[in-house]
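A short worksheet on the structure shown next.
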Amino acid sequence: MRTVQVRLSSDSYQIHIGSGLLEQTIQRLTEIGVSGKLVIITNPLVNKLYGQSLEQTLASNGFEVTTLEVPDGEEHKSLDTAGRLFQELSNAYAERTTPILALGGGVIGDLAGFVAATYQRGVPLVQIPTTLLAQVDSSIGGKVAVNHGQLKNNIGAFYQPRVVITDTGTLKTLDTGEFNNGLAEVIKSAVVRDAEFFAFIEENLDNIKSLDTDALEEVVFRSAKIKAEIVEKDEKDLGLRSILNYGHTVGHAIETASDFKTTHGEAVAIGMLVAGRISQRLGIMDKNELSRLKAVIARAGLPTSMPELNTERIIEAMRHDKKIAQGKIRFVLPRKIGEVFITDEVSPRLLEEVLAG
Ligand SMILES: NC(=O)c1ccc[n+]([C@@H]2O[C@H](COP(=O)([O-])OP(=O)(O)OC[C@H]3O[C@@H](n4cnc5c(N)ncnc54)[C@H](O)[C@@H]3O)[C@@H](O)[C@H]2O)c1
């Protein structure tokens with residue numbers, strides 16, 4: 001087991017990472033003083049795979065467990081679902097001290113986290129992420145939210161978990177597309193902060209893709225550490241934390257312009273390369289570094305070229321993105337692998353040319 005410490009001014013917590021960690025849930029809960037009544041929020045798929053046996057183990061060790069299921073899918077990360085969960089928590093006599101265990105991917109983590117932040121003004125939250133994206137990204141850093149209207153994650157809070165229990169063994173049941181979504185975020189972490197980690201990915205990508213236990217543990221540990229260090233410096237996303245948007249400005253726009261036919265991971269992969277090409281055209285990123293990035297993305301099974309989309313529609317979608325500052329699109333560009341910078345000085349012409357390939 002590896003442990004990442006997240007040190008924040010008000011709440012500090014640990015992220016435990018390892019294969020088979022779900023079996024140690026009781027020990028991890030005991031360490032943070034949890035006993036008695038608790039609630040698991042999950043979805044039917046993850047419940048069947050991992051929730052039911054977790055509930056049984058907890059129940060046979062004296063915990064009083066209520067499991068609440070939410071249907072699978074981003075569309076259920078909503079105020080309506082949260083409202084239903086508040087009622088179900090109340091029906092189960094959940095109190096201010098009753099912890100919520102968020103067992104699932106980023107959708108469950110964000111939704112259950114939002115419910116934990118607001119039910120009775122906040123109950124203890126335990127994140128148990130089961131997708132690669134959730135293990136390396138969404139379970140860390142305390143952003144919890146639901147979608148409302150046309151906007152994603154626009155109703156939410158910063159609410160840190162008491163502990164994160166990351167069982168990398170759960171990734172064995174994840175389908176390849178979902179795994180690749182997480183892999184795009186892993187590559188992103190390395191490019192923004194850690195050239196040595198990028199070299200590790202280059203060397204070990206085949207083992208990572210074949211879900212080798214040690215390689216997976218190392219990759220999740222290093223990615224989680226990078227995210228934790230950034231969050232420690234900028235918990236409320238007022239500065240540094242925005243470097244984690246690398247690949248996402250163009251990525252979100254591609255997702256929107258493709259009517260979500262391009263997945264999040266695919267779009268972020270293309271977005272990272274577009275940002276790299278812009279940086280190269282500005283004379284900042286070296287051509288060889290860009291080639292290394294492209295090679296890793298391709299070997300990861302992610303796309304390296306633009307889908308057939310209208311360039312105008314992509315730019316329009318970027319203008320509607322919330323990461324826009326005073327009408328200018330803000331980019332996170334790589335200076336080199338392991339270092340990025342933020343700029344809103346990319347000319348519309350250069351952007352168009354790079355998007356057009
Ligand atoms: N809070 C943050 O900082 C943050 C950061 C990035 C993304 N997000 C959010 O995360 C969400 C996306 O998360 P996601 O990519 O994990 O998607 P997801 O939660 O929808 O999970 C993807 C799919 O995998 C299934 N699944 C989960 N674990 C599994 C397992 N071990 N085996 C088999 N199937 C499994 C789920 O049921 C689902 O069908 C979005 O809502 C996004 O806004 C939040």
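Tabulated results
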| item | result |
| --- | --- |
| Convex hull per residue volume in Å³, alpha carbons only, for segment 173-331 | 126 |
| Considering only segment 1-98, percent of DSSP beta bridges that pair antiparallel, nearest 5 | 45 |
| For segment 287-342, alpha-carbon Rg relative to the globular expectation (2.2 N^0.38 Å, N residues) | 1.39 |
| Estimated D of segment 86-126 in µm² per second, where Rh is the Kirkwood radius over Cα pairs and Stokes-Einstein applies at 10 °C, 1.306 mPa s | 157 |
| Percent of alpha-carbon pairs separated by more than 40 Å within the chain | 12 |
| Surface share of carbon and sulfur [accessible, 1.4 angstrom probe, percent] for segment 157-249 | 44 |
| Translational D in µm²/s for segment 1-111 (Stokes-Einstein at 20 °C, 1.002 mPa s, Kirkwood Rh from C-alpha pairs) | 142 |
| Within segment 275-311: backbone nitrogen closer than 11 Å to the A356 label point (7 Å, Cα to C-beta) | 311 |
| Protection proxy ranking of 245-254, 343-352 - average other beta-carbon atoms within 10 Å, highest first | 245-254, 343-352 |
| Share of pairwise Cα separations in segment 222-263, more than 13 Å, in percent | 61 |
| Highest-first arrangement of 36-47, 10-21, where packing means the average Cβ count within 10 Å | 36-47, 10-21 |
| Burial ranking of peptide ranges 159-171, 22-34 (average Cβ count within 10 Å, highest at the top) | 159-171, 22-34 |
| Taking all pairs of distinct alpha-carbon atoms in segment 1-56, Kirkwood radius in angstrom | 13.1 |
| Shape call, segment 179-264: gyration tensor on alpha carbons, a/c limit 1.5 | oblate |
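The values are calculated or read from the model by the stated rules, or taken from the named source; none is laboratory data. The model shown is predicted, which means the values in this text are computed figures rather than measured ones. No Cβ is skipped: glycine too gets one built from the backbone with ideal geometry, and neighbour counts run over all protein chains shown. We work out accessible area using only protein heavy atoms, side chains counted, and drop any ligands, DNA or RNA first. Shrake-Rupley method; radii C 1.70, N 1.55, O 1.52, S 1.80 Å.
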